[in-house]
Amino acid sequence: MIKRYIVFLALVSCLFVMMGCGGEDNSAPADATITIAPTEITVTDGSLWDVHRQPWLITVKDPNGIPLRGVELRISFIWASPDGRYDSLLFDVDNCDGINETPLAQLNDENTPVNSPMTVSTDEDGSYILNFDFLSGGLDADCDGLLDLDLAGDPLILEWNADIEVTSGSVFNSATFEVKAPE
Ligand SMILES: [Ca+2]
Ligand SMILES: [Ca+2]
């Protein structure tokens, strides 16, 4: 008798866990809105290449503008490493020791690097701050501390772009990010 009671309790608590914490229940409702701030960033960088950080504020609200907390977000960025597609796209910008370890872009949960796509939850304000690291500037592959030049004598500057994509259930939004050389 006692055993059955324990089993029953275990079953009930499993149900509650599934209802309260189970995967899809934490997705944004279909009528919610995801905002990403800023909506667009263009970095113009002609200095020696380096890694920089850009925070993005992601917020989920219901149709009445009420922030939704505990909503699960899937954040992805195509150039973020490692994601299995661009593992070879690493750069040796730190000390020119011949070991490439800096990705073109990196998603971080606070200060912890996380693979793309990453899954996080909104806080009590319905928000999540993504720490996004990116590489910009001009190449110095020969490690002389000066911008490397192409055959025409122009500096070789990184230029790339992609969208930060945020999904929760059927709700989606994106923000554009671009790195370019000065005109
Ligand atoms: Ca290195
Ligand atoms: Ca150089």
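Values in this text are rule-based calculations from the coordinates and carry no lab data. All values derive from a computational prediction rather than experimental measurement. No Cβ is skipped: glycine too gets one built from the backbone with ideal geometry, and neighbour counts run over all protein chains shown.
Between residue 143 and any residue 5 or more places off or on another chain, the built amide H atoms are never under 5 Å apart. Between residue 48 and residue 156, residue separation times 0.36 nm minus the direct Cα-Cα distance comes to 37.9 nm.
Modelled this way, with points 7 Å down the Cα-to-C-beta line, the labels at residue 109 and residue 90 are 2.2 nm from one another. Under the convention that each Lys and Arg Cβ holds +1 and each Asp and Glu Cβ holds -1, the size of the dipole of the stretch 25-180 around its Cα centre is about 680 debye. Each Cα pair under 8 Å and six or more residues apart adds its sequence gap; the mean of these over the residue count of the stretch 25-180 is a relative contact order of 34 percent.
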